[in-house]
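Working notes for the structure below.
The values are calculated or read from the model by the stated rules, or taken from the named source; none is laboratory data. A quick note: this is a predicted structure, and the numbers were derived from the prediction, not measured. Here the Cβ positions follow ideal geometry from the backbone for every residue, glycine too, while neighbour counts run over all protein chains shown. With ligands, DNA and RNA removed, areas are computed over all heavy atoms of the protein, side chains included. Shrake-Rupley method; radii C 1.70, N 1.55, O 1.52, S 1.80 Å.
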Amino acid sequence: MRKPPPSTMEQAATDFINSRRGRPAARPLPSTARAMERVLRPLARRFGVGVEQLREHWTEIVGERLAKWSEPETVQRAGGVNTLVIRARGAAAAILQAESRRILERVRTFAGDRAPTRLRILQGQASASFKRAKPADQADVKPMKTSSQVNEGVEQTPEARLLSALNRFERAVKAREGS
């Protein structure tokens, strides 16, 4: 069926609405992730991998044991040489230095051509982000009894025998000093 032609009143209303109509709705903004990717991809190709990416994969790079005691701090770029600075606690610095060739190989595998070619290991205080390593035997240690709680001759536990022997040793030293 055919529609009847619009009346003059309808035509006038349509013309009025079309003449007063606002701008068309704005298109949605582009995705932030896509925009960031367009900016960061050329920078990553030019400058190489960043410290945050190394931190995310640090356990796979150095191993679980060393990852508990160390973390990448920064990548220093000077004169075309990239140096990875690692902060380590205690003896982990010496172990990292001994494993430096293997660590650099793994970083190169992870980061590609722009990977750091040198390591600088700083031995220092632990930051809050270090995972605290607690030895397994330390978790079950109970406080030792004082000498007044141990009766000589009735010692049944290793702790009691040790305290008894220490008490006897103390009395022998005092007797030797007094005579």
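What to note about this one:
- In segment 62-103, the residues that are over 11 Å from Gln123 (Cα atoms), among the basic types (Lys, Arg) and in a loop (DSSP other than H, G, I, E, B): Lys68
- Val81 meets each of the listed conditions (1) surrounded by 11 or more Cβ atoms within 10 Å (Cβ to Cβ); (2) closer than 25 Å to Asp113 by Cβ; (3) touching a residue at least 24 places away in the same chain (Cβ under 8 Å) apart from (1).
- The set of residues from segment 97-114 being modelled with pLDDT of 90 or more and buried (at least 20 other Cβ atoms within 10 Å of the Cβ) comprises just one member, Ile103.
- Matching residues, segment 13-45, being charged (D, E, K, R), open to solvent by 100 Å² or more (accessible area, probe 1.4 Å), part of a helix (DSSP H, G or I) and without any contact (Cβ under 8 Å) to a residue 24 or more places away in the chain: Arg20, Arg34, Arg38, Arg41
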